[in-house]
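S.K.: After the structure tokens below, expect a handful of questions from me.
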Amino acid sequence: MKEKKPSEAELAGEEQARMGSEENQNGARRSGPSLLRPAPVDQNPLRSEATMHMEAQPRRSRGRLNREVMNRLGKTLEAYYDDVRKEGVPDRFKLLLEQLEERKDKGSSG
Amino acid sequence: MTLAPSVREAMLAAVPSLRAFAISLSGNVDRADDLVQETLLRAMANINSFQPGTNMSAWLFTILRNLFRSEYRKRRREVEDTDGSYAESLKSHPEQQSRVEFEEFREALAKLPPDQREALILVGASGFSYEEAAAICECAVGTIKSRVNRARTRLADLLAIDSADDFGPDQPTRAILSAGGRG
């Protein structure tokens, strides 16, 4: 039954309702606010890999995602990417291009 | 005749980003570097089909993406390499915290369907427009948009599974979130 996709508006509404009610209910037993999900309530945090791969999970905490979450996600993605980018051009690729050019030289002009 | 210096420079300039793209796609540095190498080989072999003045980076990304896709089809049955070879290869980070964060992030990224993963990376990290990403992936702009959206939603979901408090506990964001949650 949950698999029927609710509309964007419905999701947004649910989300707001949850953020209001569940955050309060769980505020006491949760040590801190969840960064990426407003209130992960009855989602088992130790879901197995198999479960995580399933597309059709109950869409409880999805729907319209918190803007903060998206910003955070975006920044992490950029940081993750830049981490590699900052390594610059490894020597092997500089050498490779030189070699390819030399080879092309011999091939085309000879 | 050797490459025009500008073409050569453009190719080299694209390598860092190309590697980042390849690592994000494959989750494995060695595979990624092989992909980049193969991409450069193809590019050089077909350099005449590159039109000077057009986007070298996008051209190379297209080649790499296609190589990855054909390789992926071959390896589909193999288990994704999530053994941490990426983490091991990482250079030291200024902050310990980001290391944990990246590792979690890499694992989550690896769980996305390839379509979504590449769309998210191209738009969210490589700096391509939706239109450019659509051209690279040979699909409609709307398709890219929906893939990016689904990828974001999925990632947020995956990353919240592990203790969300461990995921980049930066105080300002938490303060905002907690304030928002109570309001």
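The values are calculated or read from the model by the stated rules, or taken from the named source; none is laboratory data. Fair warning: this is a prediction, and the values are worked out from it, not measured in the lab. Glycine gets a Cβ as well: all are built from the backbone with ideal geometry, and neighbour counts include every protein chain shown.
S.K.: Could you list, in sequence order, the residues of the range A:80-89 that are at the interface with chain B (Cβ under 7 Å from one of its Cβ atoms) and either out of contact with any helix residue (DSSP H, G or I) (no Cβ under 6 Å at 6 or more places or on another chain) or exposed (fewer than 14 other Cβ atoms within 10 Å of the Cβ) (or both)?
M.R.: Once the filter is applied, which keeps residues that are at the interface with chain B (Cβ under 7 Å from one of its Cβ atoms) and either out of contact with any helix residue (DSSP H, G or I) (no Cβ under 6 Å at 6 or more places or on another chain) or exposed (fewer than 14 other Cβ atoms within 10 Å of the Cβ) (or both), the range A:80-89 yields A:83, A:87, A:88.
S.K.: Which of the following residues is assigned to a loop (DSSP other than H, G, I, E, B), out of contact with any Ser or Thr (no Cβ under 7 Å at 6 or more places or on another chain) and within 26 Å of residue B:129 (Cβ to Cβ): B:62, B:54?
M.R.: Of the residues listed, the single one that is assigned to a loop (DSSP other than H, G, I, E, B), out of contact with any Ser or Thr (no Cβ under 7 Å at 6 or more places or on another chain) and within 26 Å of residue B:129 (Cβ to Cβ) is B:54.
S.K.: Could you please let me know if residue B:121 is more than 9 Å from chain A (Cβ to nearest Cβ), surrounded by 17 or more Cβ atoms within 10 Å (Cβ to Cβ) and modelled with pLDDT of 95 or more?
M.R.: No: the conditions fail for residue B:121.
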